[in-house]
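Single-structure report; data block below.
Read-outs throughout are calculated quantities, based only on the coordinates presented, and are distinct from any laboratory measurement. Please read these numbers as outputs of a predicted model, since none were measured by experiment. Don't worry about glycine lacking a Cβ; one is built from the backbone with ideal geometry, like all the others, and counts go over all protein chains shown.
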């Protein structure tokens, strides 16, 4: 019996990824082939061995005659031209070929008007790409579909050893499996300079991610420069002059993202995870007590004061004006009740409200108020899973699953059974790195957000997922290397068809994708001994 | 059955607690507090008396001067003058526009460097004296005294670390330091075979090595996967064994690295590992390796095994190659490897079998170990035979030859040979724990260097440097003479999963923990007390252009690329919290689970 129980204990404990210490055996070097494989793998793709040459300056991106036109597509033409033809930062004309047909045009057709638009959860990202000499075509409903198609097109191009640029005759009909494909960056545990936020947005575009979940503030620091509460960053940033995101910075990030078809969803996590708010927003946090006297410590938003909700209303109104996305992430995770319990005013409030000693009711009360504020100012919201486990909110809520309770699948089943739309990030905590990144991406790859017990309706409520890079141990020095190409595994899981599960095939694609990212200037880390055609620096 | 369900629940609660921990650092209220140390020295000097009395430095007028001793000896001057230029730059980092005038402050005018040993060696050696004394007095110039240029380098590094920034001024406190290293051999090992690392990254590591007062760059330059060292004698080694012809170190590259290291008081010890780990050699010179028969015995790409130790031509090859190596590398010591030889291929080869019969080696594992030992001993003889006075030529070998041959009494080797202890013992590797190995090695009279507990390629989530910090090379039972024979250690970063994209960040500041263990007195063991200094050291490296990764929530005033350009500086907050680890947390939960489980059964 004891043995059995022990086994159960071990089993449950060790479900989460542990640091594993292998002794390295002989690792074969892998000479990564650059043959124009696409990651994430398109939904349907027919390729032939017939190859066409790409030449400069004859090759051009053009709009079709009845196509909509806009800056998003114009700039993408420029970017992808560079990505295809720039090597080591220089635009190099490929070696011409006499005996080969040439692909001299990719004609793009955008059906929907795209001037000034922002991507949304409902955006269409479908595209159809036909590569055939002399003119290929890319057809999409929206500019976002064009962006995805151009990325695919750029990945199909490969260089031969003698410097020729080739692309095979190909037809692709592609669309994402999930609408919400995100990366979470945490800019509170460490400040992430804009340079790396943008590098990461580039990498996201290369991997067809479409949501930048910006966990912008937390206990450790408040780098968001608020207009209505400037003291939040003045007193809550690591350094109020250098370690902050100004309104201009934020606009810059949002525009940079928009041009890549990436939504920016900011997270203002309350009532917990708010230590850094205290100094700049007096009265917001709950005073903690020792017996009958305040002990000088503060913790979590004070849920019993009207002023707390006034402050949140002002802040969220500002957030609505600054961030165009229809969704805001309101956090709601990991609230510790000790400070609330110590506070006599809260005790009184609990009595008045008839909460007894159930502080989770107080938490629900707080969260409900915040969600109502958000609704009243016109923003949809995403919350961490606890909020939905603790009490029913309205069905427009999106719940983000971040821990096994008791398993990932059980949480997905539970939340979708209640009718909530759900995002998965448990299992994709890429901040947990282990010795061998050559194997840990396979764990991320094998996790399918729709594999759990439930009806088709429940499965359909899973709208996507996010790879999280919590910031305790990453900053500008190591962020990109630690996140990529491991997040590429998540990218493919969220974009490609459910039956794309062959690890052997995926390994070849992720290898090429890693070297592609390195060639494009990102310090994506290696997955095994070997080398890329173009190495970092 | 009920109990099982209960256990499962308990486990789930633990799991939950664990998951919470993962997202919630407990020390949020500390992350922003600017508790990083200012003007502290890493590694901790042997003796330091510091005061609260601060002096300002004037970047425009601060002067370095050298004594006659230091300036008249060509070798001393050769190292010292460029060092002074380097430290002049490192000393003043506040951007010109943000500097505040120090007029009216008590100002330290300059630093005078004296080398009293009279002579300096051209290259640092195992026996170089690195001691120094540094005096920053309340008035008058500061003085740095050393016996050698190498000691002066360490003292300059210390002096530069005493300087801190306050309100736009460079300051330091009145301080007296007397310092010398605890161990003579303090190294990091880079592996340039699993991934090629270009010369600028090697130099970045050499800078960091100097900032941490380490003095050995162990260059694991070739291995199974590739052979980037370009040999004039055997050009096909890199011609066919390098990944590409861009991924090679030319003779000039190597000399450049050696000179760069010399300027920083760092010995460069190359490792040409044989008779195993030689797959890449066989690309150009297949006859050098043993043909495995049948060919599927060795699961490699070339169907070739370890060196063919039965042929005289193999020893001729090594004689020629090492003659070239000996000519290029200045250090007395060459690392000859000798680790992890798999015997299956030798067993399958008739030529080897014949040779073993001739030599009288039995056809057993022990016999093959004897064969390996025979080879290594001959190689050691070759290398030692290359000594040309005053340069000596000596070998370092991984511990296998000691374990397999010396310990079993097959033979002895020159006592100058250094045994490199690398094995460990845990659930993944059943080797000999270093505290069992070191008494044997030193008991037999050999010198040892330790790496077992400092494999930086093994990573885990979070702040792991305290583990490296806690490992002491003298943690074994032995006489004082035996302890003396442990001459230091090395932190290896095997490169299966690192290249230029992530190498420097993964190495530093984790190797800094090893640097302090090897330099500072044995009594300096409290990693919590060391944290603020470690934070300063990490931010200092970032400021100086070393991409050292963070060790927990914190910030540096000059973050990496804070404003889009490289090379910033800033004091950090934080003490990286004492998450003593994932592992500890896990054990804690496991323990409570067990207590609950058994408590109820």
For chain A, calculate the relative contact order in percent as a whole number, restricting contacts to Cα pairs under 8 Å that are 6 or more residues apart. 16
How shielded is B:455-465 by partner chains, expressed as the average number of their Cβ atoms within 10 Å of its Cβ atoms? 5
Per-bin percent of Cα-Cα distances, chain A [10 Å]: 3, 17, 26, 25, 16, 8, 3, 1, 0
Hey, got the Cα dimensions of segment A:310-420 along the principal axes, in Å, largest first? 40, 38, 19
Computed [θ] at 222 nm, deg cm²/dmol, chain A (DSSP H ≥ 4; -39,500 (n - 2.57); rounded to nearest 500): -10500 deg cm²/dmol
Could you tell me the distance between the Cα centroids of segment A:413-480 and segment A:130-150, to the nearest Å? 30
Give the percent of DSSP beta bridges with both residues in segment B:88-220 that are antiparallel, rounded to the nearest 5. 55
How big is the protein assembly as shown by Rg and Dmax over its Cα atoms, in Å? 31.5, 97
Taking other Cβ within 10 Å of each residue's Cβ, how do B:218, B:303 sort, fewest first? B:303, B:218
Förster-model FRET efficiency, 60 Å R0, residue B:63 and residue A:132, C-beta, rounded to 0.05: 0.25
Counting other C-beta atoms within 10 Å, which of A:534, A:85 has the fewest, and how do the rest follow? A:534, A:85
With an 8 Å cut-off on Cα pairs and a minimum separation of 6 or more residues, tell me the relative contact order of chain B in percent. 16
Sequence ranges A:228-238, B:233-243, B:533-543, ranked by mean other-Cβ count within 10 angstrom, highest first: B:533-543, A:228-238, B:233-243
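Return the average number of partner chain Cβ atoms within 10 angstrom of each residue Cβ along peptide B:224-236.
Per residue, the average neighbour count from other chains is 1.
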Can you give me the angle between helix B:527-543 and the longest principal axis of chain B, using Cα atoms only, in degrees from 0 to 90, rounded to the nearest 10? 90
Relative to the longest principal axis of chain B, what angle (0 to 90°, nearest 10) does the C-alpha long axis of helix B:74-91 take? 60
Distance between the C-alpha centers of segment A:319-367 and segment A:281-306? Whole Å please. 13
When you look at the Cβ of every residue in B:545-558, what mean number of other chain Cβ atoms sits within 10 Å? 6
I need the Debye-formula profile for chain B: one equal scatterer per C-alpha, no solvent, reported as log10 I(q)/I(0) at q = 0.07 1/Å, two decimals. -0.48
Going by how many other Cβ atoms sit within 10 Å of their own, how do B:452, A:221, A:65 line up, fewest first? A:65, B:452, A:221
Can you check what the Kirkwood hydrodynamic radius comes to for segment B:178-229, Cα pairs only, in Å to one decimal? 12.2
The relative contact order of segment B:47-179, taking Cα pairs under 8 Å that sit 6 or more residues apart, comes to a percentage of 37
Cα centroid distance between segment B:87-164 and segment B:330-358, in Å? 49
So for segment B:197-344, what percent of the C-alpha to C-alpha distances run longer than 25 Å? 31
Given the -39500 (n - 2.57) contribution per DSSP H run of 4+ residues, what per-residue ellipticity at 222 nm results for chain B, rounded to the nearest 500 deg cm²/dmol? -11500 deg cm²/dmol
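Quick one: which of B:272-280, B:366-374, B:88-96 comes out on top by average Cβ neighbours within 10 Å, and what's the full order, highest first? List each step's numbers first, then the result.
On the way: B:272-280: 24.1, B:366-374: 20.1, B:88-96: 15.6.
The most tightly packed comes first, giving B:272-280, B:366-374, B:88-96.
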